[in-house]
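Shown next, in structure tokens, is the structure this report addresses.
The values are calculated or read from the model by the stated rules, or taken from the named source; none is laboratory data. Here the structure is a predicted model, which is why all the values come from computation and not from measurement. Methodologically, a virtual Cβ is constructed for each residue, glycine included, from the backbone with ideal geometry; neighbour enumeration extends over all protein chains shown. Accessible surface areas use protein heavy atoms only, side chains included; no ligands, DNA or RNA. Shrake-Rupley method; radii C 1.70, N 1.55, O 1.52, S 1.80 Å.
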Amino acid sequence: MDQERIDQRFMAAAIRLARRNEGLTGTNPSVACVLVRDDGEGAYVIASGITAPGGRPHAEPLALAEAGDLAKGATAYVTLEPCAHHGRTPPCAQTLIDAGVARVVTAVVDPDERVNEKGHAMLRAAGVEVSAGCMARDAAEGLAAYLIQKANNRSQVTLKLAVSADGFIGKKGQGQVSITGPVARAQSHLMRARHHAILVGAGTVIEDNPELTCRLPGLEARSPIRILLDPKGRIPLAAKTVQTAGVTRTIMVLGEGVSETHRAALRAQGCEILPCETTDGRVALPELLEDLAAIGIHSVLVEGGAKTAAAFLEEDLVDELMLFAGAVRIGNARDAITSPVGDKQFAAFDERESLALGEDRLTRYTVRRKGR
Ligand code: AOF
Ligand code: ZN
């Protein structure tokens, strides 16, 4: 295998590893570092590290500690350029140098102004060979929440939709309609676990009364923060999300007109209140996403309903689209709700991958950005 193929193989492993702590590292990105040696009989992994929950330690010192003396002369594959700053931990570039690592392969340049190629420069100045940009696009997808916050000062948005075989996402006034099977459902709960927050509009809370938690066995603690858009204060106190606000952090996004009595009642249930700007009675979404980023919520999974999804699409605020195509037909177009993603919306996205989940199919799309 040539060096480029070998590099891609280990970087792909690092990218997969980094996904494990996605959503757990606070405002820090979940980065992975894989240490590899070749003693003449082919390359093999000696150690690995992922940014710890909470954001520290960083990935590199964790991998180096596991490798011990074997790190001398090894190659480090890191999904993000090693940091060059003395933050709450010493610079990772220096830690790699001190451990005697011979070569560092990175995927994405760290846009943090304290790093931004300084990590690469530090390594090169110490005689470490640096290969940057390996599998950059794939790694950037895993780091999207961090990169979007740095570049656009807002939270990253994933829109999840389940569409029936005949193109509908539900039926009016019928609450939750089952469109996909158990395998797809488990996958959607995994998506919840990987995001900082899950967001729905008031209509969905009123009609479906969902819990919006992650209910995969063993991953219950990874339920995302719930964000409920309720500019007019229509969500009843009896809603499951309000009733369980003391267990799972719940943020109510309220417009100016919502009464103080209602606010106090929500607070008494344990809800947090985030005031929002409104236009024509609807939440101003770009401002909301900036506010969320400012309080450390860097990724948001939008799960409904049709109007909320359409609003995010209209404002070009969807970074990733997760489309579950169900095998069932809903029929009766009169009360069926059409998918908010039509040909016009699809044109803004690139298909990235598609997988079969039982009877259903999940296709992942990312927004097409200039220069990509
Ligand atoms: C790395 N490896 O695993 C991560 C990095 O507050 P601090 O000191 O933890 O610094 C936060 C910054 O560290 C963050 O903005 C980003 O630039 C970098 N994250 N760097 O070398 C890692 N998670
Ligand atoms: Zn670091």
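Residues to consider are Ala93, Ala63, Ala139, Ala76; find the one that is surrounded by 24 or more Cβ atoms within 10 Å (Cβ to Cβ) and assigned to a strand (DSSP E or B).
Unique residue meeting the criteria: Ala76.
With the condition kept exactly as written, say whether any residue in segment 1-15 is at pLDDT below 95, open to solvent by 10 Å² or more (accessible area, probe 1.4 Å), within 21 Å of Val130 (Cα to Cα) and of a type in the set (A, V, I, L, M).
Yes, that holds for at least one residue.
Do you know which residues across segment 180-217 are more than 22 Å from Leu229 (Cβ to Cβ) and touching an Asp or Glu at 6+ places or on another chain (Cβ under 8 Å)?
Thr180, Gly181, Val183, Ala184, listed by residue number.
If you check Gly133 against the conditions, is it closer than 18 Å to Glu4 by Cβ, more than 8 Å from ligand 1 (Cβ to nearest atom) and part of a loop (DSSP other than H, G, I, E, B)?
Taking the combined requirement at face value, the residue satisfies it.
Name the residues in segment 231-245 that are open to solvent by 70 Å² or more (accessible area, probe 1.4 Å) and either part of a loop (DSSP other than H, G, I, E, B) or under 11 Å from Gly201 (Cα atoms) (or both), would you?
So the first thing to find is which residues in segment 231-245 are open to solvent by 70 Å² or more (accessible area, probe 1.4 Å), and the list is 232, 234, 238, 240, 243.
Correct list: Lys232, Arg234, Ala238.
Here is a list: Val45, Val105. Which entry is more than 25 Å from His298 (Cα to Cα), part of a strand (DSSP E or B) and without any contact (Cβ under 8 Å) to a residue 60 or more places away in the chain?
Val45
Take the residues in segment 16-38 that are of a type in the set (S, T, N, Q) and under 19 Å from His86 (Cα atoms), then tell me which one is most open to solvent (accessible area, probe 1.4 Å). Step through it out loud before you land on a result.
At the first step, the residues of segment 16-38 found to be of a type in the set (S, T, N, Q) are 21, 25, 27-28, 30.
If we keep only those that are under 19 Å from His86 (Cα atoms) as well, we get 25, 27-28, 30.
Numbers: Thr25: 5, Thr27: 83, Asn28: 36, Ser30: 13 Å².
Looking at the filtered set, the residue picked out is Thr27.
Taking Leu62 as the residue in question, decide whether it is more than 7 Å from ligand 1 (Cβ to nearest atom), touching a strand residue (DSSP E or B) at 6+ places or on another chain (Cβ under 6 Å) and not aromatic (Phe, Trp, Tyr).
For Leu62, the condition - more than 7 Å from ligand 1 (Cβ to nearest atom), touching a strand residue (DSSP E or B) at 6+ places or on another chain (Cβ under 6 Å) and not aromatic (Phe, Trp, Tyr) - is met.
Go through the residues of segment 320-338 one by one and say whether even a single one is over 22 Å from Lys172 (Cβ atoms) and exposed (fewer than 14 other Cβ atoms within 10 Å of the Cβ).
Within segment 320-338, none of the residues are over 22 Å from Lys172 (Cβ atoms) and exposed (fewer than 14 other Cβ atoms within 10 Å of the Cβ).
Confirm whether Glu41 is crowded, with 18+ Cβ neighbours inside 10 Å, among the acidic types (Asp, Glu), more than 16 Å from ligand 2 (Cβ to nearest atom) and at pLDDT below 95.
Judged against the criteria, Glu41 is not a match.
Exactly one condition in (1) away from ligand 1 (no atom under 13 Å from the Cβ); (2) touching a helix residue (DSSP H, G or I) at 6+ places or on another chain (Cβ under 6 Å); (3) in a helix (DSSP H, G or I); (4) not aromatic (Phe, Trp, Tyr) is false for Leu70; which is it?
Unmet condition: (2).
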